[in-house]
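Here is the structure we will look at.
The values are calculated or read from the model by the stated rules, or taken from the named source; none is laboratory data. Everything numeric in this text was worked out from a predicted model, so none of it was measured. With ideal geometry, Cβ positions are generated from the backbone for all residues, glycine too; neighbour counts draw on all protein chains shown. We work out accessible area using only protein heavy atoms, side chains counted, and drop any ligands, DNA or RNA first. Shrake-Rupley method; radii C 1.70, N 1.55, O 1.52, S 1.80 Å.
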Amino acid sequence: MAASRTKNSIKNTVFSLANYLLKVVLLFAVRTVFVWKLGSEYLGLNSLFSNILTILSLAETGFGSAIVFALYKPTAENDTEKINALLKIYKKFYNIVAIIVLVLGLIILPFLPYLISGQPDVEINIYLVYFIYLLNTVVSYFCAHRRAVLYTNQRNDVESKISSIGLIFVNGFQILALCLFANYYAYCIIIVLGTVLESALVFFATRKMYPYINLKTDAKISQGEKKDLIKNTYSLLLHKIGGIFVTSTDSIIISAYLGLTILGIYSNYLLIYTSLTTIATLLLNAVKGSIGNLVATKSTDEVEKTQNKLVFAYNWFISFCTICLFCLYQPFIKTWLGTDYLLNFSVVICICVNFYFYTSRNMINGFKEATGLFYYDRYRSLIEGIVNLVASLILVQFMGLEGVIIGTIISTITACYWVEPVVLYKHYYKKSPKKYFLKALFYMVVTTAITAVLYFIISFIPDGSIWWLILKFAVCIMLSNVLLILAYLPTKEFKEWLALIKDALKGL
């Protein structure tokens, strides 16, 4: 079973990263053509509508995560009757969610102009475009239950392959539509068609791989299981509300206070930020199914040992990304889009600090979710969301864009960064999280020191061409990892990973 978990984690990681590499390349290609053909205000509309619809997804209430957690054990035990009972509930719930999101989305239509500062310089019907985005969100719900089966069976690689097909279809036709017609409506409609294609592929793949799926079953879950499901759903609702306030209100605040042009320019920075946070999430998701299986079958001591190794490796990746962001953000934007699309370096500093605090906690939170400890910090995300919204609304009026990002940083540090480890160690490991926090502090100090050193070195390399940018990136890759090796050489986790790598090489 351990070998199977490792194999699935490696396979999921490889396919997830390959899929996302393709996605990043295509996204930047589409964004380049988009800016060239339509301009930054259309980018601002993209970001605004996407975030409004993310807020509407509150109707989902975290039920999907609760069902996925409930599916771990019956999947590990091959209890097909229980799996079908849960999937039947899952599908019924998401059909209701789709209707609720559609109705709420239509109610918001008349209020769209109040979310945009000034008169947008766009030659489109914003109501029609918003409706197309709304339709895409609704369509995405109809195959969610089958994606959960792939996830709990540790077959994220299948979804990655399907996603790659969808990406090639959507982005390829979007580039074609922009180049030939510069038509924003066609650009949006293609997104909906891509979602339909992906859902159809997921349906046919899961029907072939898991023929035991039968949603017409009479099987039901017990009262105790139903009670746990309701309890976890309630807890995850609070998590989701807070999470949406953190991730989705910033664009609305920027649009309302600073305008679509600033939002459009910031969305280019956000694209790079989101690309890296998504890669970090993909790495986590690739092992999440295995973590769930580990928690369901092993002792807490064994789980903690695995956790320490994974947290170390994950933080290494986050440190590397933070260093590269800090050193390469401005040179990359300047080379890619030109000086007109540059923001102040103070914005870059805020984004990098936010990136580190937001992502470095993901692995420990992944273990907390795998243990099902949703209830104990149910108000944490709600507090985080309220702090973020209030702080951003206050600071944007004095500090502009930097104030919005600092509001997010404040909410993450005060309500998230320390709460998740405390809940996990108190309620699952039954011990103090002191050692975890000391390691987290050590990782933070190392990241800060190496970032300062690298930025000083990179500053001697001039800007102005793609070749200088490539040289800067090469220096960042090599020197950051060399310095990370030197910093972590004495640690237990580094030695354990080194031994694992040596064993793997011997096996090859």
Between segment 29-48 and segment 436-508, the Cα center-to-center distance that results, in Å = 34
Which one, [x] 26.4; [y] 23.9; [z] 50.2, gives mean projected area of the Cα convex hull in nm² as derived from the coordinates shown?
-> [y]
Qualifying aspartates and glutamates (Cα of each under 12 Å from Cα of Lys309; at least 8 residues distant if same chain) | Glu493, Glu496
List the chymotrypsin sites (Phe, Trp or Tyr not before Pro) within segment 407-508 that fall in a DSSP loop (any state other than H, G, I, E or B) and whose Cβ has at most 10 other Cβ atoms within 10 Å.
-> Phe460
Label segment 312-431 by shape, choosing from rounded, prolate and oblate, from the square roots a ≥ b ≥ c of the eigenvalues of the Cα gyration tensor; if a/c is under 1.5 it is rounded, and otherwise prolate applies when a/b is larger than b/c, oblate when it is not.
-> oblate
Greater than 25 Å apart at Cα, pairs in Lys161/Lys226; Lys73/Lys492; Lys91/Lys226; Lys305/Lys434; Lys11/Lys305 | Lys161/Lys226; Lys73/Lys492
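If you take every residue apart from Lys82 with its C-beta less than 10 Å away from the C-beta of Lys82, what net charge results, scoring Lys and Arg +1 and Asp and Glu -1? Walk me through the numbers on the way to the answer.
Numbers: positive: Lys73, Lys220; negative: Glu77, Asp79, Glu81, Glu225.
For residues surrounding Lys82, the net value is -2.
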Which whole DSSP H helices in the chain pass both tests: a Cα extent of 15 Å or more along the axis and a mean Kyte-Doolittle value no lower than 1.6?
-> 126-139, 345-360, 401-415, 466-488
Counting pairs of alpha carbon atoms under 8 Å apart in space and at least six apart in sequence, what relative contact order in percent does the chain give?
-> 21
Cα-centred dipole magnitude for the chain, charges only on beta-carbon of K, R (+1) and D, E (-1), debye, nearest 20 | 1740
Can you send over the solvent-accessible area of Ser199, 1.4 Å probe, protein chains only, in Å² to the nearest 10?
-> 20
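If each DSSP helix of 4+ residues adds -39,500 (n - 2.57) and the sum is divided by the residues in the chain, what number results at 222 nm, nearest 500 deg cm²/dmol?
Helices in the chain give a 222 nm mean residue ellipticity of -28000 deg cm²/dmol.
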